[in-house]
Amino acid sequence: MIKPYYRIVLIYLIFASLWIYFSDALVASLFRSPEMITQAQNLKGLAFVSCTAVLLLFLIRSALNRIELANRNLRKSYDQTLKGWVQVMDIRHKETGEHSLRVTRMTVRLASLLGISGDELTCIARGALMHDAGKVGVPDAILIKPGPLDDKEWAVMAQHPVIARDMMRDIEFLKPSIDIPYSHHERWNGTGYPQGLAGEQIPLAARIFAIIDVWDALSEHRVYKQAWPEDEVLLYISEQAGIHFDPEIVEVFLDNYDEIKEAAMQPSYF
């Protein structure tokens, strides 16, 4: 199959050759005086430039559309691969249902309500999907321990954001989505980990996701805890505004809670 750039050049050469041959023949048959031939050749040149410009525009736009379609299909393939991998991780973590997909959908809805869209929203979606990627480096004895972690075990668990960052930062496709996996355990008051960031030092994507992640962790049964009643979960999130969470984002979350919760079961990027 001819490559797009060779095809464009070949079509252009064929068009230009046919144009020159037939237009010269037409001018020669219609005009006799040098002045008329010169005027006709000038008009023919203008027409040639105009027609070739339109032809090249069509050919280049067609080639770019094919490239964009191929890129979209490639990105879709990447996202489907991530989805499958993350669902396997959820099984290993003994999470309930489609935990990662659920929090991703809710995070996307909350981010949309905050005015985020386009590529930035896509990066947030991928970051939310990959939020626990670093837990692949945490032993099962710690990851699914049915009880509190001791100090040594907690130190190992607290490394999973760093592991996620190290995994993702050299992958061009995932690099723009690092903020959530690396920073979603930071706290508004600076007592989180791994960097101890505070306030708006914490990336916006991570501040958005932190609320959804805690809501899901409290609302669902885990190997180490029972699910909380919904009203207690919402009260806790409200009380943690300005402590654990960005208070402005908490306000948007609570004001639109039903819509955000409903998004958990709706189709999204994944």
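Applying 0.36 nm per residue to the separation of LEU149 and LEU64 and subtracting their alpha-carbon distance, the gain on full extension is 25.2 nm.
The residue among LEU110, MET130, HIS99 whose Cα reaches farthest toward the positive pole of the charge dipole of segment 98-144, with charges on the beta-carbon of Lys, Arg, Asp and Glu, is LEU110. Counting only alpha carbon atoms, the long axis of helix 4-30 and the longest principal axis of the chain meet at about 20°. Here's the list of lysines a cross-link from LYS83 could span, going by alpha-carbon distance under 23 Å and ignoring same-chain residues fewer than 8 apart: LYS94, LYS135, LYS175, LYS261. Only alpha carbons enter this Debye calculation for the chain, each as an equal point scatterer, and the log10 of I(q)/I(0) it gives at q = 0.12 Å⁻¹ is -0.76. Rg and Dmax over the alpha-carbon atoms of segment 202-242 stand at 11.0, 30 Å. For segment 210-249 and segment 128-207, what is the separation of their C-alpha centers, rounded to whole Å? Between the Cα centres of segment 210-249 and segment 128-207 lies a distance of 17 Å. Between PHE15 and VAL49, the simple label model (points 7 Å from Cα in the Cβ direction) yields a spacing of 1.6 nm. Against the longest principal axis of the chain, how steep is helix 204-219, in degrees 0 to 90 to the nearest 10, with axes from Cα atoms? The two axes meet at around 50 degrees.
The lysines whose alpha-carbon is closer than 26 Å to the alpha-carbon of LYS3, local same-chain residues fewer than 8 away aside, are LYS76. For the chain, the 222 nm mean residue ellipticity estimated from helices alone, with every DSSP H stretch of n ≥ 4 adding -39500 (n - 2.57) and the total spread over all residues, rounds to -22000 deg cm²/dmol.
To the nearest ten degrees, helix 230-239 and the longest principal axis of the Cα atoms of the chain are 80 degrees apart.
Readers should treat all values here as calculations from the given coordinates under stated rules, not as data from a laboratory. This is a predicted model, so every value here is computed, not measured. Positions of Cβ are generated from backbone atoms using ideal geometry, with glycine treated the same way; all protein chains shown enter the neighbour counts.
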